[in-house]
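Written below as structure tokens is the structure these notes are about.
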């Protein structure tokens, strides 16, 4: 169960509906207002999925390019263990104070105890440096994610409603 001092927002929508793209614009606006934003986005560039570290602007490929390597498989995707290890490290090592922290996304992998797990659960329970936590969750998984992580959500928002996050 996450810290009660944190406002939790879920940004939701269908697959490939532009949630991360809208969040990039929203982040830019918040940074212009002097707010600090951390975490990571899941972005698609040239048809490939990448992690995007919000505070450093570093990007690293999520997908496993060498199909001979061991990978985290879900649907048509084969994800790199190393890519997820780097994202998990960002969660574990995030000791900076942020006005907003974004995790894009919590999905089927995490619900199956793969992907960002167990670092995600640990972050949700122990984080104390985030005022507003923004979780990106596909529309059809919202209820399951709330239940699995015992979240007390301030608001569930579609991408067009990002201005509701104060």
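Readers should treat all values here as calculations from the given coordinates under stated rules, not as data from a laboratory. Just so it is clear, the model here is predicted, and its values are computed rather than measured. Every residue, glycine as well, gets a Cβ built from its backbone with ideal geometry; the counts of neighbours run over all protein chains shown.
Under the simplified labelling scheme, the residue 17-residue 81 pair shows an inter-label distance of 3.5 nm, with each label point 7 Å from Cα along Cα→Cβ.
From the largest down, segment 1-116 spans 45, 32, 26 angstrom on the principal axes of its Cα atoms. Only beta bridges with both residues in segment 44-113 are counted; by DSSP, about 100 percent of them are antiparallel. Backbone N atoms of segment 70-113 closer than 14 Å to the 7 Å Cα→Cβ label point of residue 60 belong to residues 80-94. If you restrict to DSSP beta bridges whose two residues both lie in segment 19-166, what percentage is antiparallel, to the nearest 5? For segment 19-166, the DSSP antiparallel bridge percentage is about 55.
With all projection directions averaged, the alpha carbon convex hull of segment 56-102 covers 4.2 nm².
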